[in-house]
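Take a look at the structure below.
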């Protein structure tokens with residue numbers, strides 16, 4: 001928290017104009033511009049490290065005793081570059097968004113700081129620097145989540161986020177301190193050099209603690225509960241940064257500590273990651289498919305995608321420990337590529353959702369609709385993002401999901417039984433995830449943007465300002481590159497794989513070219529050629545439909561068929577709730593929706609219905625079962641402890657004296 | 001890749017284009033005869049297409065480009081699948097462009113396009129059909145991918161030519177438990193994906209039960225023709241694909257001769273006719289399932305696919 005208090009005197013330094021009228025114009029430009037510039041620096045630095053020499057930076061005076069230590073290598077570089085790229089798009093977008101939403105001074109100052117924190121974490125070369133940067137990131141993101149703190153939902157989300165992110169921090173802190181103490185050093189390089197001398201007990205303890213800590217940041221089950229609350233309630237540019245860049249840092253921690261410093265671990269490490277990943281992916285996508293809140297849907301989709309990435313990392317770890325390095329390299333490539341493409345399409349998704357929110361004030365899909373005519377650019381943008389998130393061909397997520405599936409099906413089947421059992425189940429989980437992901441994204445795009453507006457606010461929507469569109473266009477361009485030319489990222493991935501010697505780095509990763517061929521196993525795909533072929537095929541189909549047009553009367557625009565009634569009202573359309581109802585019914589046992597149907601009959605006859613009330617509440621079942629008991633227990637304890645707090649100063653002095661006596665007795 | 005291999009791929013596309021209405025007509029005719037009706041004849045779907053293509057183009061008020069383009073996307077993706085999969089010959093020039101996962105992705109791309117078109121109309125029927133269709137698609141996808149996995153184990157690749165040639169070289173694999181289970185699982189999901197009984201009734205127009213027809217209710221004239229044509233092509237391609245995945249006999253090699261291509265064409269025609277006839281005859285004896293019973297059927301097929309994978313993993317002998 002100290003960071004933010006230190007930051008507040010820096011207001012004039014950031015160039016906030018003295019007059020209120022000027023600030024409302026300059027503030028967003030400065031804040032967004034600074035964010036974008038920081039992002040550009042991050043991107044350039046990340047790329048220079050990936051393709052150049054590793055860099056080191058020591059600032060001794062900044063921290064007492066240990067100093068700040070920054071070590072940049074290709075692994076950190078790829079995360080820095082990703083965060084930087086996201087920040088560029090978000091920064092440009094934030095100019096228009098902050099202006100339109102009249103952001104206060106505090107979030108404007110915090111936004112660049114948050115980006116700086118996220119850029120520092122992967123650059124950290126020592127435990128102390130890492131923890132410091134981590135806390136900078138956590139604290140600034142909390143402030144940003146609380147930007148609209150006057151709303152109740154935001155405050156609840158803020159409390160949830162604050163507690164969970166700090167608990168996660170405690171887990172990471174303990175793990176890294178243990179690691180640092182037994183690895184006899186603060187710097188990661190020292191720890192890596194001494195990693196072999198660690199006892200299995202220490203390694204396992206550090207592994208479990210870091211998976212919990214980093215997993216909670218990445219939104220993995222069961223520590224995901226803050227994510228679908230905090231990400232939707234934050235202002236949309238912040239949601240984009242959190243969902244596309246901050247969750248990646250959790251994955252970075254797992255890769256850096258568990259796979260690089262401590263790896264390769266025993267079989268159960270990989271298996272643990274796979275289980276965490278698969279459960280998170282399926283649960284996340286299931287919640288997304290029944291969610292009716294546009295931003296919450298995207299947030300659950302983040303849990304899903306982080307789950308898929310963790311699953312891929314777990315598969316890589318398991319395959320390495322079962323001596324199948326070639327396939328492990330494919331799994332690792334899948335994880336990294338999915339991380340990158342997720343960053344692209346999730347940025348775009350949240351930015352487009354932000355445009356909708358800014359234009360209509362609505363996140364509720366049940367009240368949206370008809371935006372395709374009113375906000376055509378935003379609609380196209382969200383369409384690109386949704387296609388990416390659904391993992392279909394021509395979408396940004398297709399190639400990485402394909403790589404993941406290939407790595408799972410090419411696991412050696414003459415190896416241990418564990419692999420033979422884990423891989424089919426993982427394919428099942430991934431397959432269910434993609435299937436439900438398609439349903440979730442069709443719902444988000446179809447119900448939210450197509451058809452007719454379901455409320456007056458959606459009816460009055462206007463297209464977003466230019467800077468917001470520019471930010472989205474950048475993210476969309478990245479999505480298209482991921483979809484049709486993933487070969488563009490091939491050199492980057494090769495360089496990163498090369499610095500991960502413990503996870504299949506010995507063997508070359510998949511050769512991502514125009515035609516993507518897998519090493520050592522038979523399998524190939526070409527997303528670019530597939531896109532070209534599909535466009536040709538669609539043109540062919542259109543040409544076929546022209547057959548017989550000489551006989552046709554001229555084109556007519558007619559009303560929709562209304563079953564013989566006068567006209568259709570927008571209320572007759574399917575809403576997001578009704579659209580997802582069949583899925584909700586199928587997965588009733590897992591989702592446990594709280595539905596209530598009240599039928600009021602006419603007094604004269606019970607066969608005639610006067611009114612039907614339908615109410616459904618989708619609460620997160622994990623939260624209900626796992627968190628509420630804990631919260632209740634803590635509250636009970638607090639009530640007990642409260643009895644000792646009577647408000648009497650004499651009593652408190654007595655406590656102090658007794659405490660001191662006990663300490664003296666024990667210390668003696 | 002020889003010129004004949006390219007020609008064979010082109011022949012596959014043309015064959016599917018021309019043959020799909022005949023397959024649909026044939027299935028309707030089999031059903032009609034078994035039910036004691038005269039039937040419209042095998043050529044009726046072709047006559048319907050010709051009639052609809054000459055009708056007026058109609059744009060329902062308020063629909064967007066999604067509605068206008070969806071039929072072309074469905075038809076286009078199906079045509080592309082027809083060019084990729086080995087129906088007549090193995091050496092399709094597009095074989096390395098998309099494997100079986102890619103083909104499944106293309107299939108779902110078409111489904112999604114039509115689903116979005118259904119929502120785009122903004123009518124209750126459109127939304128209802130779309131909601132049901134996407135629910136079924138979401139449950140079908142896991143089974144298809146698992147079945148693909150089971151099939152890719154013997155050939156150690158998910159590329160279609162590799163799978164088909166592995167089966168052709170080792171026909172005894174077909175009677176392995178993994179292969180049989182995968183066949184049943186795939187058959188169920190293909191019935192679901194093409195909207196046949198007992199999942200959906202292609203000839204119903206009863207609001208409460210229809211899925212595919214509800215989604216395309218607003219289409220008329222040339223666009224409806226394209227939708228119907230595409231759904232016929234999907235059925236044909238999938239039947240042909242299943243036929244070749246499990247009964248690859250007669251298919252021409254990667255570098256075929258003219259005779260081999262002709263033999264392949266005859267072989268695939270016979271296989272599709274037999275499969276379509278069996279499917280149509282089977283449909284006479286079953287009724288449509290209640291909508292909320294369908295997930296149970298699909299869960300069953302998912303379990304079969306999972307068993308198929310496990311069986312091929314534990315019982316399968318690596319070919320290499």
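Residues A:426, A:280, A:182, B:2 in ascending order of nearby Cβ atoms (within 10 Å, fewest first): B:2, A:182, A:426, A:280.
Once every DSSP H run of n ≥ 4 in the protein assembly as shown is given -39500 (n - 2.57) and the sum is divided by its residues, what mean residue ellipticity at 222 nm do you get, rounded to the nearest 500 deg cm²/dmol? Before the final figure, lay out each step's value.
Values: 37 runs with 650 residues, N = 988.
My calculation for the protein assembly as shown gives -22000 deg cm²/dmol from helical runs alone.
Residue B:3 label point, 7 Å along Cα→Cβ, cut-off 20 Å on backbone N: hits in the stretch B:86-104? Backbone N within reach: B:89-94.
Normalising the Debye intensity of the stretch A:625-667 to I(0), with uniform scatterers on Cα atoms only, and taking log10 at q = 0.31 Å⁻¹ returns -0.96.
Take every pair of alpha-carbon atoms less than 8 Å apart whose residues are at least six positions apart; their mean separation over the length of the stretch A:263-541 yields a relative contact order of 25 percent.
Return the whole-Å distance between the Cα centroid of the stretch A:531-577 and the Cα centroid of the stretch A:382-432. Rounded to whole Å, the Cα centres lie 34 Å apart.
Whole-Å semi-axes of the stretch A:263-541's equivalent ellipsoid, largest first, each the root of 5 times a Cα gyration tensor eigenvalue? Don't skip to the end; give the middle numbers.
Working: eigenvalues 254, 80, 47 Å².
Semi-axes from the Cα gyration tensor: 36, 20, 15 Å.
Over the protein assembly as shown, the fraction of Cα-Cα pairs per 10 Å bin, rounded to whole percents and listed from the shortest bin up, is 2, 11, 20, 23, 20, 13, 7, 3, 1, 0, 0. The relative contact order of chain A comes to 12 percent, based on Cα pairs under 8 Å that sit 6 or more residues apart.
Across the stretch B:3-315, C-alpha contacts under 8 Å between residues 6 or more apart give a mean separation that, scaled by the residue count, equals a relative contact order of 29 percent.
By the count of other C-beta atoms within 10 Å, a proxy for reagent exposure, A:342, A:650, A:267, A:551 are ordered fewest to most as A:650, A:551, A:267, A:342.
Using R0 = 41 Å, the C-beta based FRET efficiency linking residue A:556 and residue A:602 works out to 0.40.
First measure r as the distance between the Cβ atoms of residue A:588 and residue A:651, then evaluate 1/(1 + (r/R0)^6) with R0 = 60 Å and state the FRET efficiency to the nearest 0.05.
Numbers: r = 53 Å, r/R0 = 0.89.
FRET efficiency, residue A:588 to residue A:651: 0.65.
The fewest-to-most ranking of B:96, B:152, A:243 by surrounding Cβ atoms within 10 Å reads B:96, B:152, A:243.
Taking 16 Å as the cut-off, the amide N atoms of the stretch A:265-308 that come nearer than this to a point 7 Å along the Cα-to-beta-carbon line of residue A:204 belong to A:265-273. For the stretch A:300-369, the convex hull spanned by the alpha carbon atoms encloses 76 Å³ per residue. Taking the inverse of the mean reciprocal distance over all distinct Cα pairs, the Kirkwood hydrodynamic radius of the stretch B:1-134 comes to 17.3 Å. Could you calculate the FRET efficiency of residue A:377 with residue A:102 from 1/(1 + (r/R0)^6), where r is the beta carbon distance between them and R0 is 22 Å, rounded to 0.05? Approximately 0.45, to the nearest 0.05.
Annotation for the stretch B:37-96 versus the stretch B:170-205: alpha-carbon center distance of 22 Å. In this simple spin-label approximation, residue A:664 and residue A:267 carry label points 7 Å from Cα along the Cα→Cβ vector, and these lie 5.9 nm apart. Each part gets one Cα centre, and for the stretch A:124-161 versus the stretch B:135-167 those centres are 45 Å apart.
A full extension of the chain between residue B:293 and residue B:281 corresponds to an added length of 2.1 nm, given 0.36 nm per residue minus the alpha carbon distance. According to the Kirkwood relation over distinct C-alpha pairs, the hydrodynamic radius of the stretch A:38-176 is 16.2 Å.
Read-outs throughout are calculated quantities, based only on the coordinates presented, and are distinct from any laboratory measurement. Just so you know, these numbers come straight off a predicted model, no measurement behind them. Ideal geometry is used to build each Cβ from the backbone, glycine not excepted, and the neighbour counts take in all protein chains shown.
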